Amino acid sequence: MHHFHYINGELHCEQVPVRRIAGAVGTPFYLYSHATLAHHFRTFDAAFAGYPHLICFAVKSNSNLAILRLMISLGAGVDIVSGGELFRSLQAGVDPMKVVYSGVGKSKDEIRRAIKAGILMFNIESSQELGEISRLAGRLRTKARIALRINPDIDPQTHPYISTGLKKNKFGIDIEQALKDYRRARELPHIEVVGVACHIGSQITELGPFLEAVQRLKELIRKLELEGIRIRYLDLGGGLGITYDQETPPHPRDYGAALVKELQGLDCTLILEPGRVLVGNAGILVTRVNYTKDTEAKHFIIVDAGMNDLARPSLYGSYHAVWPVVEKDRPEVTASLVGPICESGDFLAKDRPMPAFAPGELVAVMSAGAYGFSMSSNYNSRPRVPEILVKDRAFYVIRKRETYRQLIRGESIPDFLER
């Protein structure tokens, strides 16, 4: 469900015409609906009502301060994977005891900052990382709370680039190795074992992989309890998919009911790390047609947004629906919606039926709220686009469009090149 809809043939975000925002801020830009974001969080949270739980929003999916503040205000914690995401989350006002830190390559400085901040727990991804966190916590004369991120060797049936729970993936600790590492962690004086964690992938559209993961983690938790290692938190990660095209992912209500049923008998607080399912369909990318071009092979619609603005189609071959901002009578064509980037892989939609857009028209690229702006870049020296948040009848610029001057901030020309 989302709040992008047509009123008298014109696309609105909640009660604001998208065309009016484009006139005020220019194109391209990202546009988010406050009502959709709030509804998605409350729906997901309600799916686990009655079971002790903590929803930790996956910051990597959308890290804008305003989006983070909204999630935090609704009761969310955060799932982070970098020191920068920790900084952003603290700036947005998160309670450190609602911060979970995952990721295979945490640096010494990032670990120190997280320990000093007093985060809820690190999700540890290797035996060496466990030793490093213990050593750094010792230097700070404190204890670090940890869970081991378990790799359960489960195929989530998703794109290989966003599958994270197979033995061949870089993430997590092999479930067969985990018991040995938990025994070691228990003996480390500056480590407090508090949890078990797992994240098997993203854009998962079936319940089976999630339930299989829970079953394997329950078995591990029982083994740990027999050895006197009490687990207070079970972090099942995120990964629940959304509808981009023809997908039919489980509703959060069904997802929650299935997980809670499977978890009966465990005395743990459940941690979940949704990202895409909260923000994916709450945001769109608005772009304007510059030109159209016909070749012997195909029809191109060339817009002012490119793969640097929205990388997912080029990176994953992902589907994003393409809507006109203003509806009108026009034919449908099979075309590629492409950008100005100097790469043949620069496309937002490839060889698909779509309206026969003309130069100057506005186009909405749907379901772009997750991994859209957060994966954008300055490739081809293009300033990153603004982000806009709509609430009811008003819109707010929550990130300004970058300027050319900002493109070169931090760069300098050495004296020897000035001669």
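The values are calculated or read from the model by the stated rules, or taken from the named source; none is laboratory data. Being a predicted model, the structure only gives us computed values, none of them experimental. Glycine gets a Cβ as well: all are built from the backbone with ideal geometry, and neighbour counts include every protein chain shown.
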Selection from region 274-285 of residues that are in contact with a helix residue (DSSP H, G or I) (Cβ under 6 Å, 6 or more places away or on another chain) and either farther than 27 Å from VAL196 by Cβ or assigned to a loop (DSSP other than H, G, I, E, B) (or both): PRO274, GLY275, ALA282
Single condition ILE271 does not satisfy, out of (1) of a type outside the set (Asp, Glu); (2) in contact with a Gly (Cβ under 7 Å, 6 or more places away or on another chain); (3) assigned to a strand (DSSP E or B): (2)
Only listed residue being of a type in the set (Val, Ile, Thr), farther than 28 Å from ASN151 by Cα and buried (at least 18 other Cβ atoms within 10 Å of the Cβ), chosen from ILE111, ILE55, ILE67, ILE80: ILE67
Qualifying residue in region 259-273 (condition: of a type in the set (Lys, Arg) and in contact (Cβ under 8 Å) with a residue 60 or more places away in the chain): no
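Yes/no matrix, rows are residues, columns are (1) in contact with a Ser or Thr (Cβ under 8 Å, 6 or more places away or on another chain); (2) within 27 Å of THR243 (Cβ to Cβ):
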{"position": "GLU296", "(1), (2)": "no, no"}
{"position": "GLY317", "(1), (2)": "no, yes"}
{"position": "VAL322", "(1), (2)": "no, yes"}
{"position": "GLY345", "(1), (2)": "yes, yes"}
{"position": "PHE357", "(1), (2)": "yes, yes"}
{"position": "ASN378", "(1), (2)": "no, no"}
Number of the condition not met by SER318 [criteria: (1) hydroxyl-bearing (Ser, Thr, Tyr); (2) surrounded by fewer than 13 Cβ atoms within 10 Å (Cβ to Cβ); (3) out of contact with any Pro (no Cβ under 6 Å at 6 or more places or on another chain)]: (2)
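I'd like the full set of residues that are buried (at least 23 other Cβ atoms within 10 Å of the Cβ) and farther than 10 Å from PRO152 by Cα, limited to region 194-209. Walk me through how you get there before you give the answer.
So in region 194-209, the residues buried (at least 23 other Cβ atoms within 10 Å of the Cβ) come out as 195-204.
Scanning region 194-209 gives GLY195, VAL196, ALA197, GLY201, SER202, GLN203, ILE204.
Return the total of residues in region 376-400 being touching a residue at least 60 places away in the same chain (Cβ under 8 Å) and surrounded by fewer than 16 Cβ atoms within 10 Å (Cβ to Cβ). Let's see the steps before the verdict.
The first filter runs over region 376-400 and keeps only residues touching a residue at least 60 places away in the same chain (Cβ under 8 Å), leaving 376-380, 382, 384-399.
Subset that is surrounded by fewer than 16 Cβ atoms within 10 Å (Cβ to Cβ): 377-380, 392-394, 396-397.
Of the residues in region 376-400, 9 are touching a residue at least 60 places away in the same chain (Cβ under 8 Å) and surrounded by fewer than 16 Cβ atoms within 10 Å (Cβ to Cβ).
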Tally of residues being at pLDDT below 95 and buried (at least 18 other Cβ atoms within 10 Å of the Cβ) across region 225-248: 8
The one condition in (1) crowded, with 16+ Cβ neighbours inside 10 Å; (2) part of a helix (DSSP H, G or I) that ARG42 fails to fulfil: (1)
Residue selected from region 321-370 under the condition within 29 Å of VAL277 (Cβ to Cβ) and among the aromatic types (Phe, Trp, Tyr), by the criterion surrounded by the fewest Cβ atoms within 10 Å (Cβ to Cβ): TRP323
Flag for ALA147 being assigned to a strand (DSSP E or B), in contact (Cβ under 8 Å) with a residue 40 or more places away in the chain and at negative phi: yes
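Would region 89-103 turn up any residue that is crowded, with 22+ Cβ neighbours inside 10 Å and assigned to a helix (DSSP H, G or I)? Steps first, answer last, please.
At the first step, the residues of region 89-103 found to be crowded, with 22+ Cβ neighbours inside 10 Å are 89, 94, 99-102.
Add one more test, that the residue is assigned to a helix (DSSP H, G or I), and what stays is 89.
Checked region 89-103: at least one residue is crowded, with 22+ Cβ neighbours inside 10 Å and assigned to a helix (DSSP H, G or I).
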Index of the failed condition, VAL18 passing every other in (1) out of contact with any Asp or Glu (no Cβ under 9 Å at 6 or more places or on another chain); (2) β-branched (Val, Ile, Thr); (3) assigned by TED's automatic domain parsing to the domain that holds LEU389; (4) surrounded by 22 or more Cβ atoms within 10 Å (Cβ to Cβ): (1)
Meets criteria (touching a Pro at 6+ places or on another chain (Cβ under 8 Å), part of a helix (DSSP H, G or I) and among the small types (Gly, Ala, Ser)) for GLY131: no
Subset of region 22-39 that is under 15 Å from HIS5 (Cβ atoms) and of a type in the set (A, V, I, L, M) - its residue that is farthest from the chain's Cα centre (by Cα): ALA35
Residue match in region 133-140 (condition: of a type in the set (S, T, N, Q) and either surrounded by fewer than 18 Cβ atoms within 10 Å (Cβ to Cβ) or at pLDDT below 95 (or both)): no
Check on PHE57, closer than 30 Å to LEU263 by Cα and among the aromatic types (Phe, Trp, Tyr): yes
Search result, residues across region 198-256 that are in contact (Cβ under 8 Å) with a residue 60 or more places away in the chain, aromatic (Phe, Trp, Tyr) and not in a strand (DSSP E or B): TYR244, TYR255
